[in-house]
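The values are calculated or read from the model by the stated rules, or taken from the named source; none is laboratory data. Predicted model only: the values in this text are computed from it and were never measured. All Cβ positions, even for glycine, are placed from backbone atoms using ideal geometry, and neighbour counts span all protein chains on display.
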Amino acid sequence: MPYCPNCGKPVEGSPAFCQSCGKPLQSTALSTPQAFCSHCGSPVDPAAEICPKCGVRIKPPPRPGGAERKSPGLAAVLSFLFTGLGQIYNGQIGKGISFLVLGIILAFTVLILIGFILYPVFWIYNIYDAYNSAKQINAGAVDPD
C-alpha cells in the first residue's frame, strides 16, 4: 500500500492530494514507508534515534560504553548456586561481595535456628535481585557498579 511522503499515512487509490494532511501527491512521490515517527508521523531515516521534526526518541539510547548484554537466566542460576554470584556476573561487584558475606553469616545463623527462616528468605531475594538487575542493565535503566 502506498503512503504519503509528508505525513506517513496510507493513501488509497491514486488521488492528487493526501486525504490526511492535504498535501499534493505525485504518483512517483508515493512510496512504501521506510520509517515514521510514532509521535508525529513524519518520515524519518530508518537509522535515526530521534525524530528531526518533533524531537521524540524513536529508538532506545545506545548502551553506554558498548556494555555487553547480561543473561537474566544465567544471573538467577548463579545466584541460586551461591549467593552473590549473580550480582558479580552482572558487574555489581560490591553488591555481590556484600550478598556473599551476608549469605555466609545467615548460613551460620542456622545453628541458632533463626537462620532457618532468614537464610531462605535472603536466598530467594538474592535470586530475584540478580534476575531483575540483569534485565535493568540490559534495558539501560541501571549501570553496573
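Summary table below
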item	result
Selection from segment 60-80 of residues that are modelled with pLDDT of 75 or more and either over 21 Å from I127 (Cα atoms) or of a type in the set (A, V, I, L, M, F, W, C) (or both)	L74, A75, A76, V77, L78, F80
Members of segment 94-132 that are free of Cβ contacts under 8 Å to residues at least 60 places away in the same chain and within 13 Å of P72 (Cα to Cα)	N126, I127, Y128, D129, A130, Y131
